[in-house]
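J.: A single structure is presented below for examination.
The values are calculated or read from the model by the stated rules, or taken from the named source; none is laboratory data. Small disclaimer: the values here were computed from a predicted structure and weren't measured. Each accessible area value is taken on the protein alone, full model and side chains, heavy atoms only, with ligands, DNA and RNA left out. Shrake-Rupley method; radii C 1.70, N 1.55, O 1.52, S 1.80 Å.
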Amino acid sequence: KIAASMSIGISLIQDDLADPDKLVRQADLALYHAKAGGRATFRFFERDLEVDFLNKIDVERELASAIEQGQLVLHYQPIASLRSTAITSFETLVRWQHPKRGLLSPDQFIPIAETSGLIRQLGSWVLKQACTDAARWPSGIKVAVNLSAGQFYKNRLVAEVVEVLAATGLEPGRLELELTESTLLEQTEINGATLHELHELGVILVLDDFGTGFSSLKYLNSFRFHKVKIDRSFV
């Protein structure tokens, strides 16, 4: 048995001088919108889809050079102890200081970086810069860096962490690497081996967004995390 479904993108002729290529392009954009909406459905082309698509293309093209031109900046969110009220670590937050669009938040470019493959280059820059900054902080303060699935599946992750720590002089125990449950959903054996190597290296492993996935307790039993960040929806 073969169960088949269909997603449809629809573009309507607006006048008698319709360009066939334009109609197909518009229908294609509507099709991707239908797939993003859960598949097995249909969507009509809307002008906003074309605007969003062109904006995505522009952001993707500009992001590739933004890293090299030093347009990315890191902001740090302090994390304090409830017992002593002292700051114990800082969570790394990346921003894009765009020359024309102003300061862009991660939700405006991180999804595009993930789909385009630029997330690996961006993630490597964030890791190195965060460790460089943290090396100048007081010795008791840690820095937390988020890992994307694209970085985690890269075979050189452990080697890259080793190189960054050596280059910046940051102690392994002051680096917290955060990854979400969704990052662990595939390639479990590879993930386990990578986590084991990072654990042996001495860095702090943090499970982020705990409670949003389907096998939260399974991950806690399978992998050796030092910390768990509980998602607000779970609470």
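J.: Using a Cα-Cα cut-off of under 21 Å, which lysines could be cross-linked to LYS218, ignoring same-chain neighbours fewer than 8 residues away?
T.: The qualifying lysines are LYS227, LYS229.
J.: What ranking of TRP96, TRP137 comes out by heavy-atom accessible area, probe 1.4 Å, highest first? Display every interim value, and only then the final one.
T.: On the way: TRP96 0, TRP137 55 Å².
Largest accessible area first, the residues go TRP137, TRP96.
J.: Sticking with this structure for a sec: What do you get for the angle between helix 157-168 and the principal long axis of the chain? Use alpha-carbon atoms, 0 to 90 degrees, nearest ten.
T.: On a 0 to 90 degree scale, this one is about 60.
J.: Now, a different point. How would ASP21, ASP58 line up by accessible area, probe 1.4 Å, largest first?
T.: Reading off the accessible areas and sorting them downward yields ASP21, ASP58.
J.: Rounded to the nearest whole Å², what accessible area per residue is found for the chain with the 1.4 Å probe? Don't skip to the end; give the middle numbers.
T.: Details: 14180 Å² over 235 residues.
Per-residue accessible area for the chain comes out at 60 Å².
J.: Taking amide H positions as placed 1.01 Å from N in the peptide plane, with prolines and chain starts having none, which residues 5 or more places from LYS142, or on another chain, fall under 5 Å of its amide H?
T.: Under 5 Å from the amide H of LYS142 lie the amide H atoms of SER89, PHE90, each far enough along the sequence or on another chain.
J.: Which of LEU170, LEU198, LEU104 ends up with the largest GNM mean-square fluctuation for the chain, with Cα atoms connected below 10 Å?
T.: LEU104
J.: Give me the base-10 log of I(q)/I(0) for region 1-135 at each q in 0.13, 0.14 Å⁻¹, Debye formula, one uniform scatterer per Cα, rounded to two decimals.
T.: Reported log10 I(q)/I(0), two decimals: -0.75, -0.81.
J.: Counting DSSP beta bridges with both partners in the chain, what percentage is antiparallel, nearest 5?
T.: Details: 12 of 30 bridges.
The answer is about 40 percent antiparallel.
J.: Pick from LEU93, LEU31, LEU74: which residue has the top mean-square fluctuation in a GNM of the chain where Cα pairs under 10 Å get a spring?
T.: LEU31
J.: Which whole number of Å³ per residue matches the convex hull of the alpha-carbon atoms in the chain?
T.: Numbers: hull volume 44.5 nm³, N = 235.
With only Cα atoms used, the chain gives 189 Å³ per residue.
J.: Between TYR76, TYR219, TYR32, find the one with the highest GNM mean-square fluctuation for the chain; connect C-alpha pairs within less than 10 Å.
T.: Evaluated over the chain, the most mobile residue of the options is TYR32.
J.: In degrees from 0 to 90, rounded to the nearest 10, what is the angle of the helix 188-201 Cα long axis to the longest principal axis of the chain?
T.: 30
J.: Here's something else I'd like to know. Rounding to the nearest 10 and keeping the result within 0 to 90°, find how far the Cα-based axis of helix 20-36 lies from the longest principal axis of the chain.
T.: So the inclination is approximately 40 degrees.
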